[in-house]
Amino acid sequence: MKKKLSFWNEKWKKIEEINLKGNVYIPKYEYQISQYGRVKRRKEGEKDFSLINHTNLGKYKVFVMHFTDGKKRNQYVHRMLGLYFLEKPSEEHTVIAFKNYDLSDLRLENLAWMTKSEHSRHTTQGKAYKAAHKSREHKLTAERVAFIKKIIFDPNRKTRMKVIAKQFGISEMQLNRIKRGENWGHVKPLD
């Protein structure tokens, strides 16, 4: 059974304009965003607003806005929440970060303005970052590369490069670089 969402005491703020890389874009329609990350739009001549569904762009929630220049642009929901509901400490604070590293958690208490350097430090402390980098650490050692070279230079080899790469948890491109001597060229194949 699906849990019913509560939007208790929902407050809406009008999205006036969007400033992207020094350019100011004016919305074609009237858009509003609530502290819960819900977005609604009212076209010219319409009496009521209609909710806009979020989509995913990578791991981030976005919605499409129409502008007076005739173009549509994706807007990050977390960024809009930061702009309209969180106080910006200074001009150097240009990034909205997810405190708990969960990119789907759009609660205001999970979002914070950070400088680029603060954000860089913050992201490298997250569990997902550490897990991703731990799995990449030390996949190859000189001993493993020597064994790989023995396999790929075997004149009787019947195993495809793709299969060998998968077996060692590396990309086929990495395997081809090893074969050509671009990577790990100093390591000799096992006898």
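When Ser104, Ser6, Ser34 are ordered from fewest to most other Cβ atoms inside 10 Å of their Cβ, what list results? Mind showing how you got there, number by number?
On the way: Ser104 12, Ser6 8, Ser34 18.
Ranking Ser104, Ser6, Ser34 by Cβ neighbours within 10 Å, fewest first, gives Ser6, Ser104, Ser34.
Can you tell me the length gained on complete extension of the stretch His186 to Glu109, counting 0.36 nm per residue apart and subtracting the Cα distance?
Extending this stretch completely gives an extra 22.5 nm.
With a cut-off of 8 Å between alpha carbons and a minimum separation of six or more residues, what is the relative contact order of the stretch 12-132 in percent?
Details: 189 pairs, mean separation 21.5, N = 121.
Relative CO of the stretch 12-132 lands at 18 percent.
Which one of Ser90, Ile26, Leu111 has its Cα pushed farthest toward the positive end of the charge dipole of the chain, where Lys and Arg give +1 and Asp and Glu give -1 at the Cβ?
Farthest along the dipole direction, towards plus: Leu111.
Kindly provide the GluC sites (Glu not before Pro) of the stretch 46-112 that DSSP labels as loop, not H, G, I, E or B, and whose Cβ sees at most 14 other Cβ atoms within 10 Å.
Numbers: sites: Glu46, Glu87, Glu91, Glu92, Glu109; in loops: Glu46, Glu87, Glu91, Glu92.
The qualifying sites are Glu46, Glu87, Glu91, Glu92.
Candidates (i) 10, 40, 40, 10, 0; (ii) 8, 25, 21, 15, 15, 12, 5, 0; (iii) 9, 36, 39, 15, 1; which is the computed P(r) over Cα pairs in 10 Å bins from 0, in percent?
Only one listed value fits the structure, namely (ii).
Give Lys47/Lys72; Lys59/Lys88; Lys21/Lys71; Lys61/Lys99; Lys28/Lys116; Lys21/Lys72 a once-over and call out the pairs whose C-alpha atoms are over 20 Å from each other. Working shown, then result.
Details: Lys47/Lys72 23 Å; Lys59/Lys88 24 Å; Lys21/Lys71 16 Å; Lys61/Lys99 16 Å; Lys28/Lys116 31 Å; Lys21/Lys72 16 Å.
Pairs exceeding 20 Å: Lys47/Lys72; Lys59/Lys88; Lys28/Lys116.
Determine the dipole magnitude for the chain: charges of +1 sit on the beta-carbon of Lys and Arg, -1 on that of Asp and Glu, nothing else is charged, the reference point is the Cα centre, and the result goes in debye to the nearest 20. Before the final figure, lay out each step's value.
Numbers: 42 positive and 21 negative charges, 199 e Å.
So the dipole magnitude of the chain works out to roughly 960 debye.
From the phi angles alone, apply the Karplus equation (6.51, -1.76, 1.60; θ = phi - 60°) to the stretch 93-104 and give each ³J(HN,Hα) in whole Hz, x where the residue is Gly or Pro.
Calculated HN-Hα couplings, in order: 7, 10, 10, 9, 10, 9, 4, 8, 6, 8, 6, 9 Hz.
Among Val64, Val95, Val24, Val145, rank each residue by its count of other Cβ atoms within 10 Å, from fewest to most, as a rough exposure measure. Can you show the working numbers first?
Details: Val64 14, Val95 18, Val24 9, Val145 21.
With the fewest neighbours first, Val64, Val95, Val24, Val145 line up as Val24, Val64, Val95, Val145.
Could you pull out the trypsin sites (Lys or Arg not before Pro) across the stretch 1-88 that fall in loop regions by DSSP (anything but H, G, I, E, B) with no more than 16 other Cβ atoms inside 10 Å? Don't skip to the answer; put the middle values down first.
Numbers: sites: Lys2, Lys3, Lys4, Lys11, Lys13, Lys14, Lys21, Lys28, Arg38, Lys40, Arg41, Arg42, Lys43, Lys47, Lys59, Lys61, Lys71, Lys72, Arg73, Arg79; in loops: Lys2, Lys3, Lys4, Lys11, Lys21, Lys28, Arg38, Lys43, Lys47, Lys59, Lys71.
Sites meeting the loop and neighbour criteria: Lys2, Lys3, Lys4, Lys11, Lys21, Lys43, Lys47, Lys59, Lys71.
We did not get these values from a lab; they are worked out from the coordinates using the rules stated. From a predicted model like this one, the values you see are computed outputs, not experimental measurements. Quick reminder, even Gly has a Cβ in these numbers, built from the backbone with ideal geometry, and neighbours come from all protein chains shown.
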